[in-house]
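To keep things clear, I will list the structure first and then write my remarks on it.
The values are calculated or read from the model by the stated rules, or taken from the named source; none is laboratory data. Computed from a predicted structure; not experimentally measured. For neighbour counting, all protein chains shown are included, and Cβ atoms are generated from backbone atoms with ideal geometry for every residue, glycine included. Side chains included, ligands, DNA and RNA excluded: accessible areas come from the protein's heavy atoms. Shrake-Rupley method; radii C 1.70, N 1.55, O 1.52, S 1.80 Å.
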Amino acid sequence: MTRGLTTLSCLALFLFGAAQGVLGAFYYNSGPPPLASLGFDLAILATCLLAAWGTERPPAAFLPALGWFIAAFVLASGTKGGSVIVTASSGGEWFLFGGAACAMIGALGAFTVWSRRKPAGSGD
């Protein structure tokens, strides 16, 4: 891959993770409360794993996770007026804590599955 394509891929993965965080922050309580949250949690897990698989680079799994963390936790923090988007309900807690766990499991799992070890004494 060329440097420009790699940069665009990294930016797209980061923005996709951030978009999942924004979308999840507004729709985490749709339907039965923990069900939508669990769906968003599984989505960020799959995104992290598929990012590493698609780029064949385990560090790529951290980009959607980072985008998700920034978007979700910025929207979960309160404003001076006291309003907050992600509330302390069961759905909100499943979304934030479950999503954080799934993002880290996906990012670390990518290193476990797709990291390539060079044979001992290969000299490369």
Considering segment 11-52, residues that are aromatic (Phe, Trp, Tyr) and either in a loop (DSSP other than H, G, I, E, B) or within 15 Å of the chain's Cα centre (by Cα) (or both), and then whichever is surrounded by the most Cβ atoms within 10 Å (Cβ to Cβ), we arrive at Tyr28
When you go through (1) under 24 Å from Thr112 (Cβ atoms); (2) surrounded by fewer than 17 Cβ atoms within 10 Å (Cβ to Cβ) one by one for Leu8, which number turns out not to apply?
(1)
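Results for (1) among the aromatic types (Phe, Trp, Tyr); (2) surrounded by fewer than 17 Cβ atoms within 10 Å (Cβ to Cβ); (3) not in a helix (DSSP H, G or I), shown as yes or no for each residue.
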{"residue": "Gly54", "(1), (2), (3)": "no, yes, no"}
{"residue": "Ala61", "(1), (2), (3)": "no, no, no"}
{"residue": "Pro64", "(1), (2), (3)": "no, no, no"}
{"residue": "Gly67", "(1), (2), (3)": "no, no, no"}
{"residue": "Phe73", "(1), (2), (3)": "yes, yes, no"}
{"residue": "Ala101", "(1), (2), (3)": "no, yes, no"}
{"residue": "Val113", "(1), (2), (3)": "no, yes, no"}
Give me the pairs: first residue in segment 24-44 and touching a residue at least 60 places away in the same chain (Cβ under 8 Å) and farther than 20 Å from Ala65 by Cβ, second residue open to solvent by less than 60 Å² (accessible area, probe 1.4 Å) and not in a helix (DSSP H, G or I), beta-carbon distance under 7 Å, and six or more apart or on different chains, which are they?
Asn29/Ser89; Pro33/Ser89
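Mind checking which residues of segment 77-99 are buried (at least 19 other Cβ atoms within 10 Å of the Cβ) and part of a helix (DSSP H, G or I)? Let's see the steps before the verdict.
Within segment 77-99, the first condition is being buried (at least 19 other Cβ atoms within 10 Å of the Cβ), and the residues that meet it are 86, 91-92, 94-96, 98-99.
If the condition is that a residue be buried (at least 19 other Cβ atoms within 10 Å of the Cβ) and part of a helix (DSSP H, G or I), then Gly91, Gly92, Trp94, Phe95, Leu96, Gly98, Gly99 are the ones that fit.
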Taking Leu108, is it crowded, with 16+ Cβ neighbours inside 10 Å and in a helix (DSSP H, G or I)?
no
